[in-house]
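Below is one structure, written out as structure tokens; the observations come after it.
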Amino acid sequence: MEFRTEYDFELPRGYVDENGSLHKRGVMRLATAADEILPMRDQRVQQNPSYLSIILLARVITKLGDLRAIDTKVIERLFTSDLAFLQNFYRQINEVEKLSVRTVCPKCDHEFEVDISFLAETEGN
């Protein structure tokens with residue numbers, strides 16, 4: 001099984017550029033730690049935390065139709081349905097799988113799964 005770092009997508013509506021051309025197909029790469037941390041320093045995010053998703057998407061979308069570059073201006077001009085699609089797609093490809101083990105209670109023989117993922121320790125805090 002090959003490890004993938006880039007994923008193809010197709011926007012529900014598509015991005016219409018300044019020339020009226022429609023761009024629907026694109027590529028999104030997996031996010032890095034820097035992709036999630038560095039935008040937090042951006043003034044636009046500090047003034048409006050919702051802007052974080054705009055910057056994140058501009059960083060991880062590597063291709064959209066025939067566009068030469070994808071920046072925050074492109075993401076800002078997406079239709080809301082396409083923005084929602086890309087936000088969901090980002091979560092889908094970057095989501096950490098839950099690590100669990102199947103175990104048996106030594107007292108009652110009840111079988112159950114136990115979450116052993118690293119992030120499970122911090123969720124309740």
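In nm, to one decimal, how far is the modelled label at Phe112 from the one at Glu2, with both set 7 Å along Cα→Cβ?
Rounded to a tenth, the inter-label distance reads 4.2 nm.
Report the gain in length on full extension from Asp66 to Ser50: 0.36 nm times residue separation, minus Cα-Cα distance, nm rounded to one decimal.
3.0 nm
Only Lys, Arg, Asp and Glu count, each charged at its Cβ (+1, +1, -1, -1), so figure out the dipole size of the chain about its Cα centre, rounded to 20 debye.
440
Quote the relative contact order of the chain in percent (integer), defining contacts as alpha-carbon pairs under 8 Å separated by 6+ residues.
21
Convert each backbone phi in region 12-24 into a coupling constant with the Karplus relation 6.51 cos²θ - 1.76 cosθ + 1.60 (shift: θ = phi - 60°), then list the ³J(HN,Hα) values in order as whole Hz, x for Gly and Pro.
x, 10, x, 8, 9, 7, 5, 8, x, 7, 9, 10, 10
Tell me, what is the per residue accessible area of the chain in Å², probe radius 1.4 Å?
Accessible area per residue, the chain: 74 Å².
Using a 1.4 Å probe, how large is the accessible area of Thr32, given in Å² and rounded to the nearest 10?
Roll a 1.4 Å probe over it and Thr32 shows about 70 Å².
What number, rounded to the nearest 500 deg cm²/dmol, is the helix-based mean residue ellipticity at 222 nm of the chain, given -39500 (n - 2.57) per DSSP H run of at least four residues and division by all its residues?
Estimated from H runs of four or more residues: -8500 deg cm²/dmol.
Toward the positive end of the charge dipole of the chain, about the Cα centre and with charges on Cβ (Lys, Arg +1; Asp, Glu -1), which of Pro39, Ile75, His110 goes farthest?
Most positive-ward Cα: Ile75.
With the full set of protein chains in place, find how many percent of the accessible area of the chain is carbon and sulfur; take the probe as 1.4 Å.
That fraction is 51 percent.
What is the angle, in °, between the Cα long axis of helix 80-94 and the longest principal axis of the Cα atoms in the chain? Nearest 10 is fine, range 0 to 90.
Helix 80-94 sits roughly 40 degrees off the main axis of the chain.
Could you derive backbone 3J(HN,Hα) for region 104-113 from the dihedral phi with the Karplus parameters 6.51, -1.76 and 1.60 (θ = phi - 60°), listing whole Hz in sequence and x where the residue is Gly or Pro?
Working through the residues one at a time gives 10, 5, x, 8, 10, 6, 6, 8, 7, 9 Hz.
With every protein chain left in place and a probe of 1.4 Å, what is the accessible surface of Val96, to the nearest 10 Å²?
Result for Val96: roughly 100 Å² accessible.
Please give the solvent-accessible surface of His110 in Å², to the nearest 10, using a probe radius of 1.4 Å with every protein chain present.
Approximately 110 Å² of His110 is accessible to the 1.4 Å probe.
At 10 °C and 1.306 mPa s, grab the translational diffusion coefficient of region 6-97 from Stokes-Einstein with a Kirkwood Rh over Cα pairs, rounded to a whole number in µm² per second.
Translational D for this selection: 118 µm²/s.
How far is it, in nm, from the label point at Arg102 to the one at Val27 when both lie 7 Å from their Cα along the line to the Cβ?
3.9
When the Karplus curve 6.51 cos²θ - 1.76 cosθ + 1.60 is applied with θ = phi - 60°, which whole-Hz ³J(HN,Hα) does each residue of region 64-74 get, with x for Gly and Pro?
Each residue's phi maps through the Karplus curve to give 8, x, 9, 5, 6, 8, 10, 10, 5, 4, 5 Hz.
Using DSSP to define loop residues, name the trypsin sites (Lys or Arg not before Pro) in region 1-83 whose beta-carbon has at most 14 other beta-carbon atoms within 10 Å.
Hits after loop and neighbour filter: Arg4, Arg68, Arg77.
The values are calculated or read from the model by the stated rules, or taken from the named source; none is laboratory data. A quick note: this is a predicted structure, and the numbers were derived from the prediction, not measured. When we count neighbours, we look across all protein chains shown, and the Cβ atoms used for this are built from the backbone with ideal geometry, even at glycine. SASA here: full protein model, heavy atoms, side chains in, ligands and nucleic acids out. Shrake-Rupley method; radii C 1.70, N 1.55, O 1.52, S 1.80 Å.
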